[in-house]
Amino acid sequence: MRESIDAYEREALAELETCGDAAALETWRIAHLGTKGRLRGLMPLVKDAPPAERPLFGQRLNALKERLESAFAARRDAVGSRRPRPRGLDLTEPGLDLAPGRRHVLTATIDRIVEVFGRMGFEVADGPEIEDEWHNFTALNIPPGHPARDPNDNFFLGGQAAGRLLLRTQTSTVQIRAMEARRPPLRVVAVGRVYRPDDHDATHYSMFHQVEGLAVDRDLSMADLKGTLLGFARAFFGPEAEVRMRPSFFPFTEPSAEVDMRMPVKGTWQWVEIGGCGMVDPAVFEAVGVNPDEWRGFAFGLGIERVTMRRHGLGDIRRLFENDARFLRQF
Ligand code: DAH
């Protein structure tokens with residue numbers, strides 16, 4: 001028994017001599033002096049020894065422990081002193097590899113959209129994501145009982161009382177807020193998040209982004225609307241871009257249309273449906289106290305994820321919100 005302890009001591013000390021840096025020393029310390037280390041593993045042997053030998057055996061193990069600990073401390077000092085700590089800043093240290101940050105692909109798209117509309121004379125307007133029913137529905141000519149108000153299609157906050165709040169389902173709310181805040185003529189764009197209780201899959205997410213535009217002046221027509229959208233498409237996608245409108249229905253515009261834009265999709269030009277538009281419905285003007293006999297307006301709402309995804313050939317909307325740096329670095 002005594003011999004095997006002697007052998008272990010020699011082996012541990014020899015191994016310690018080969019430790020040349022802090023990491024190796026720590027590995028050694030854990031292997032030998034750690035709570036699950038070899039020295040601890042020897043302790044039960046004391047109990048198993050014949051009673052007469054136990055005290056001696058115990059002393060021997062204590063001595064071994066002290067020996068290993070002091071050898072370890074000495075070795076640590078020797079290794080540590082080999083490279084003196086630099087005083088102040090050590091300019092020879094290699095730097096950290098900090099990958100540069102970048103804007104999220106959606107943020108970059110939003111910034112460009114705002115910039116292009118800005119050049120066309122649109123100011124940025126804003127509104128809250130927690131809205132009331134007046135701004136999300138009523139003032140937008142969406143009457144009580146309209147299917148768009150179905151609790152299953154909205155994130156209502158709070159009870160059933162009149163005037164309850166919800167997460168806005170569309171940025172069209174900002175049309176109302178802009179006209180409540182200012183008298184026409186006006187030209188505004190609003191970008192922001194909207195919320196709908198959709199199950200998440202490759203093309204649906206319960207939160208996404210829209211850009212809303214509103215222009216009010218004395219003699220605006222569908223031609224101005226189309227010209228504005230075309231101007232945007234060409235500035236954003238290039239001079240070959242085209243705009244197409246298909247008749248549709250929205251409560252807050254009359255007439256209403258779906259907007260498609262011909263844009264580059266992974267190198268080829270394709271038609272992509274990107275939102276809705278129309279001439280502001282007189283009922284909307286009346287709701288905000290603007291005289292519909294005096295003023296005309298056009299409005300549009302475009303889906304930002306849709307444009308971004310088609311443009312970059314992305315198949316799954318969820319990737320945009322996972323914040324996986326490997327995905328985001330591509331843009
Ligand atoms: N708010 C509509 C939506 O979320 C989009 C829209 C359609 C906005 C027509 C408009 C518009 O301003 O004129 O589906």
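The values are calculated or read from the model by the stated rules, or taken from the named source; none is laboratory data. Please read all numbers here as calculations on a predicted model, not as lab measurements. Cβ sites come from the backbone with ideal geometry, for glycine too, and all protein chains shown count toward neighbours. These area figures cover heavy atoms from the full protein model, side chains too; ligands, DNA and RNA do not enter into them. Shrake-Rupley method; radii C 1.70, N 1.55, O 1.52, S 1.80 Å.
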| said: For the structure I just gave you, tell me whether residue 164 is in contact (Cβ under 8 Å) with a residue 60 or more places away in the chain and under 19 Å from residue 135 (Cα atoms). | reply: no
| Which helices (runs of 4 or more DSSP H) sit wholly inside region 221-331 and have at least 3 residues that are within 23 Å of residue 106 (Cα to Cα) and not basic (Lys, Arg)? | 222-237, 304-312, 325-328
| message | For region 107-149, give me each residue that is buried (at least 18 other Cβ atoms within 10 Å of the Cβ) and part of a helix (DSSP H, G or I). | response | 109, 110, 113, 117, 133, 135, 136, 139, 140, 149
| request: Filter region 200-225 down to residues that are more than 13 Å from residue 113 (Cβ to Cβ), open to solvent by less than 30 Å² (accessible area, probe 1.4 Å) and over 17 Å from the mean Cα position of the chain (by Cα) and give me whichever is farthest from the ligand (Cβ to nearest atom). | output: 216
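Let's see how each residue does on (1) over 32 Å from the mean Cα position of the chain (by Cα); (2) within 16 Å of the ligand (Cβ to nearest atom):
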{"residue": "252", "(1), (2)": "no, yes"}
{"residue": "264", "(1), (2)": "no, no"}
{"residue": "273", "(1), (2)": "no, yes"}
{"residue": "289", "(1), (2)": "yes, no"}
{"residue": "298", "(1), (2)": "yes, yes"}
{"residue": "305", "(1), (2)": "no, yes"}
{"residue": "320", "(1), (2)": "no, no"}
| note | Matching residues in region 265-288 (of a type outside the set (Phe, Trp, Tyr) and open to solvent by 30 Å² or more (accessible area, probe 1.4 Å)) number 9
| said: Please pick out the residue among 193, 187 that is within 13 Å of the ligand (Cβ to nearest atom), open to solvent by 40 Å² or more (accessible area, probe 1.4 Å) and not aliphatic (A, V, I, L, M). | reply: 193
| query | List, please: which pairs have Cβ atoms under 7 Å, are six or more places apart or on different chains, and start with a residue in region 206-225 that is at pLDDT below 95 and end with one that is in a strand (DSSP E or B) and within 14 Å of the ligand (Cβ to nearest atom)? | reply | 219/296
| field | Total residues in region 226-241, condition open to solvent by 70 Å² or more (accessible area, probe 1.4 Å), touching a residue at least 12 places away in the same chain (Cβ under 8 Å) and more than 15 Å from the ligand (Cβ to nearest atom) | value | 1
| Among the numbered criteria (1) over 21 Å from residue 252 (Cα atoms); (2) touching a residue at least 60 places away in the same chain (Cβ under 8 Å); (3) assigned to a loop (DSSP other than H, G, I, E, B), which single criterion is violated by residue 199? | (2)
| Selection count, region 1-33, where residues are within 46 Å of the chain's Cα centre (by Cα), small (Gly, Ala, Ser) and at pLDDT below 90 | 4
| query | Right, residue 168: crowded, with 19+ Cβ neighbours inside 10 Å, under 32 Å from the mean Cα position of the chain (by Cα) and assigned by TED's automatic domain parsing to the domain that holds residue 301 or not? | reply | yes
| Condition met for residue 186 (touching a Gly at 6+ places or on another chain (Cβ under 7 Å), more than 16 Å from residue 129 (Cβ to Cβ) and either modelled with pLDDT of 95 or more or aromatic (Phe, Trp, Tyr) (or both)) | no
